[in-house]
Amino acid sequence: MRRHLLTAAGMLGALTLGAGTATAAGDPRWAETGTAYTDTLGGGQGLASRADGSLLYRGLASIPLDLRIKGWNHIGDPDVARGHVFDAYQGPDTATSKMFAVTTPAGKRYEYVHRLNPGEKLNNSFATVSPDGQWLVSGEWGEQKRLQVFPAPLLNPATPPTGGELTEAWQITLDKPVRDIQGCDFVTETRLVCASNDASGTLFPEIRPLLQVDLPRKVDGQPVTGAVKSLFALPQRSVCTGTFETEGVDYDVHSGTLRTQMIPPGVCGVATAVHSYQQVTD
């Protein structure tokens, strides 16, 4: 997830220009059911659904002061698993590590630092935990043919119980390249959806697509290859003109609701659009 510097100038003029319907060839087909808005500074970097159906948002204002002092100046798309909140942090352009912070249901936070492997980018765009709670999946910026996999801090007994070093376990190799992934979330044990900020149209026909990654088996600590396809272009609707930015994605397993985030251009960017979808069976 790239750094997003927001200047809150003027009044918000972003309005949805129509709900529309999102479709994809084959299975699944996602129908857009509504649009809400959240404050970009407090919630424009990502979101996650809790077990009670409420939403957790993350934005630049979500970074605690003590973590900023340590150099963690960017927060990515979060996840909630077993009541634990997983946050992805990255540092400055000179960083040699990235960090995952895990907050327990009791409110205790533990920090897990991953030292960059040779060739690994410093970006820490998102955190998503496998449905069994054992594996943490994350990703880098730019063009990639992989997603990174770590033991899930606290939930996987292979990790230190009170924070510490986190070593990459293995990778999900992608059968085709993706670009500028801002967030991923598990829909099933063998399927992820990922929000891309790629506006080039060179890797997929859609601009800023929602991607689907299908795995031949659930993540189990061994290398696996995921099959990637584009589902649809994420909505870019605003009264302001300019460059949009894709942000987080979340799938609520309890309600079956998929949500994606899009920051509109210009002064409209003070509020992030949150688009909701439900899977439709034809």
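In terms of its Cα atoms, region 62-218 spans 44, 35, 28 Å along the principal axes, sorted from long to short.
For the chain, modelled as a GNM whose springs connect Cα atoms under 10 angstrom apart, the maximal fluctuation among Thr103, Thr40, Thr94 occurs at Thr94. If the elastic network links every pair of Cα atoms under 10 Å, which of Arg146, Arg82, Arg208 fluctuates the most in the Gaussian network model of the chain? Taking springs between Cα atoms under 10 Å, the residue moving most is Arg82.
For the options Gly226, Gly44, Gly71, a Gaussian network treatment of the chain with springs between C-alpha atoms closer than 10 Å singles out Gly71 as fluctuating the most. Evaluating 6.51 cos²θ - 1.76 cosθ + 1.60 at θ = phi - 60° for every residue in region 51-58, the Karplus couplings come out as 4, 7, x, 6, 10, 9, 10, 10 Hz, glycine and proline recorded as x. For the pair Lys70 and Thr225, the difference between a 0.36 nm per residue extended length and the Cα-Cα distance amounts to 52.2 nm. Less than 5 angstrom separates the built amide H of Ala152 from those of Trp135, Leu136, all sequence-distant by 5 or more or on a different chain.
Using the 1.4 Å probe convention, the accessible area of the chain works out to 40 Å² per residue with neighbouring protein chains retained. Under 5 Å between amide hydrogens, built in the peptide plane, is the criterion, and for Glu247 it picks out Gln261, Met262, Ile263 among residues at least 5 positions away or on other chains. Considering only protein heavy atoms and a probe of 1.4 Å, how much of the accessible area of the chain is carbon and sulfur, as a whole percent? Heavy-atom surface of the chain belonging to carbon and sulfur, 1.4 Å probe: 54 percent.
Working note: Karplus 6.51/-1.76/1.60 with θ = phi - 60° gives region 62-69 the couplings 7, 6, x, 4, 5, 6, 4, 4 Hz, where Gly and Pro are set to x. Residue ranges 161-168, 259-266 sort as 259-266, 161-168 when ordered by packing (mean number of other C-beta atoms within 10 Å per residue, highest first). Karplus-derived 3J(HN,Hα) values for region 84-93, using 6.51 cos²θ - 1.76 cosθ + 1.60 with θ = phi - 60°, are 8, 9, 10, 10, 9, 10, 9, x, x, 5 Hz; glycine and proline are entered as x. Spatially, region 47-70 and region 96-143 are offset by 14 Å when compared through their Cα centroids. The value for the chain of Rg(Cα) / (2.2 N^0.38 Å) is 0.93. When the helices of the chain are scored as -39500 (n - 2.57) per DSSP H run of n ≥ 4 and the total is divided over every residue, the value at 222 nm lands at -500 deg cm²/dmol. The value obtained for region 72-164, namely the Cα convex hull volume divided by the number of residues, is 96 Å³ per residue. Computed extension length for Thr243-Lys121: 41.5 nm, one decimal, from 0.36 nm per residue of separation with the Cα-Cα distance subtracted.
Could you pull out the pairs from Lys70/Lys218; Lys145/Lys218; Lys121/Lys176; Lys145/Lys229; Lys98/Lys145 whose alpha carbons sit more than 24 Å apart here? Exceeds cut-off: Lys70/Lys218. Amide H to amide H distances under 5 Å link Trp141 with Asn123, where only residues 5 or more positions off or on other chains count and H is placed in the peptide plane.
The residues neighbouring Arg179, those whose beta-carbon lies less than 9 Å from its own, together hold a net charge of -3 under the Lys/Arg +1, Asp/Glu -1 convention.
The values are calculated or read from the model by the stated rules, or taken from the named source; none is laboratory data. This one's a predicted model, so the numbers in the text were calculated from it and none came from an experiment. Virtual Cβ from ideal backbone geometry, glycine too; neighbours counted across all protein chains shown. Each accessible area value is taken on the protein alone, full model and side chains, heavy atoms only, with ligands, DNA and RNA left out. Shrake-Rupley method; radii C 1.70, N 1.55, O 1.52, S 1.80 Å.
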